[in-house]
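Since the structure comes first, as structure tokens, the remarks are kept for the end.
The values are calculated or read from the model by the stated rules, or taken from the named source; none is laboratory data. This is a predicted model, so every value here is computed, not measured. Glycine also receives a Cβ, built like all others from the backbone with ideal geometry; neighbour counts cover every protein chain displayed. Accessible surface areas use protein heavy atoms only, side chains included; no ligands, DNA or RNA. Shrake-Rupley method; radii C 1.70, N 1.55, O 1.52, S 1.80 Å.
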Amino acid sequence: MAPTSKADKKAADAAAWMFNVVTSVGIIIVNKALMATYGFSFATTLTGLHFATTTLMTVVLRWLGYIQPSHLPVSELLKFMVFANFSIVGMNVSLMWNSVGFYQIAKLSMIPVSCLLEVVLDKIRYSRDTKLSIGIVLLGVGVCTVTDVSVNAKGFIAAFIAVWSTALQQYYVHFLQRKYSLGSFSLLGHTAPAQAGSLLLLGPFLDYWLTNKRVDAYDYNYGSLMFIILSCTIAVGTNLSQFICIGRFTAVSFQVLGHMKTILVLIMGFFFFGKEGLNLHVVLGMIIAVVGMIWYGNASSKPGGKERRSHSLPTSRQQKHGGFPESTEHDGKV
């Protein structure tokens, strides 16, 4: 590959990460304001609205010709929808049934679970430095976020389901894009309508079970509606950037480097809400995590840092869709 092409790829990778970080942090801040200020606690229904807005975006892009017709078997779509919806519901239930500390530990465990999926299913081999850097990231984020830790049986089950379904959903994003030669927009065009329909159908009932409040009885006003619209708008970028990042890289890289969002949320929360200061151990954890992320980026990019061992995934013979450039390098170093 020519040097200019490598430079262009690095620039595109950096832009994809920045897109994901900005939209993810933005939607967390907006949703926190929506729930804390306006009392809109219907998280599952809100997620359904996010995917409905994303569906509208894909319909418009398809009408404009930016998304070409593509095929995804119904069986694959159903499996993805099960993983994705169990991930959303599992996280909400886990947060309700567990302490914040155990909830954060469960989120951190997604990285080793994603590593296991890649080792078993994709025959990925990690170097010692790559493994150590992942451990440093986990340690740093754990120092930042884990406080009180208590666990109970039903909370553990909810966390277990949430972790594995989230890891499988993120692995499946990468898997489907490679196997069926689907771009991020095309895959979203298949999955977003299914998730929107299922979450909008089940969301109000689940939210009532979690909060004992009905979404149709909520006192909507101009301020809350503006925040809901803003949340849905940012969610389009969040959903798209997740698919772009996982498609360009892997679920493990998305999880490891994605913890930069956790650090930014802590910092933004301090500036915007000011409820908890950045004490010494939180700052120390941030520094450790950032060092681990930098080490991971360097270690995984070196020869042998993270490679697929003589294994190639068969892909369906579909034409890559134009309009939006995406990486097609999935064999060898990942």
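Stretching Ser224 away from Val74 to a fully extended chain increases their span by 50.3 nm, per 0.36 nm per residue minus the current alpha-carbon distance. Since only Ser70, His281, Ile124 are under comparison, the one whose Cα sits farthest along the positive direction of the charge dipole of the chain, derived from C-beta charges on Lys, Arg, Asp and Glu, is Ile124.
Per residue of the chain, the DSSP helices (runs of n ≥ 4 H) give a summed -39500 (n - 2.57) that works out to -26000 deg cm²/dmol at 222 nm. With a 1.4 Å probe rolled over the protein heavy atoms of all chains, the accessible area of Phe243, Phe86, Phe249 falls in the order Phe86, Phe249, Phe243, largest first. Of all the accessible heavy-atom surface of the chain, with the other protein chains kept in place and a 1.4 Å probe, what percent is carbon and sulfur? Carbon plus sulfur share of accessible area: 69 percent. Counting only protein heavy atoms and using a 1.4 Å probe, the accessible area of Thr233 comes to about 80 Å². Solvent-accessible surface (1.4 Å probe) assigned to Asp216 amounts to roughly 100 Å². In this structure the chain gives 49 Å² per residue of accessible area when probed at 1.4 Å with all protein chains present. Each peptide in 12-21, 66-75, 174-183 gets a packing score, the mean of other Cβ atoms within 10 Å over its residues, and the list from highest to lowest is 174-183, 12-21, 66-75.
Measuring only protein heavy atoms, the 1.4 Å probe finds Arg62 accessible over about 100 Å². Pairs exceeding a 26 Å alpha-carbon distance, out of Lys9/Lys32; Lys154/Lys261; Lys79/Lys123; Lys9/Lys302; Lys32/Lys107: Lys9/Lys32; Lys154/Lys261. Given +1 at the Cβ of Lys and Arg, -1 at the Cβ of Asp and Glu and no other charges, the dipole of the chain around its Cα centre is 780 debye to the nearest 20. What shape does the chain take by its C-alpha gyration tensor, where a ≥ b ≥ c are the square roots of the eigenvalues and a/c under 1.5 counts as rounded, a/b above b/c as prolate, and the rest as oblate? Verdict is oblate for the chain. For the chain, relative contact order (Cα pairs under 8 Å, six or more residues apart, normalised by length) works out to 36 percent. Along the charge dipole of the chain, Cβ charges K/R +1 and D/E -1, which of Val93, Gly189, Tyr171 sits furthest on the positive end? Towards the positive end, the residue furthest out is Tyr171. Within the chain, helices built from complete DSSP H runs that reach 20 Å or longer along their own axis (Cα positions) and carry a mean Kyte-Doolittle hydropathy of -1.0 or higher are 3-38, 43-64, 74-97, 128-145, 153-179, 184-211, 222-248, 251-272, 280-301. Since only Cys115, Phe51, Val151 are under comparison, the one whose Cα sits farthest along the positive direction of the charge dipole of the stretch 14-305, derived from C-beta charges on Lys, Arg, Asp and Glu, is Cys115.
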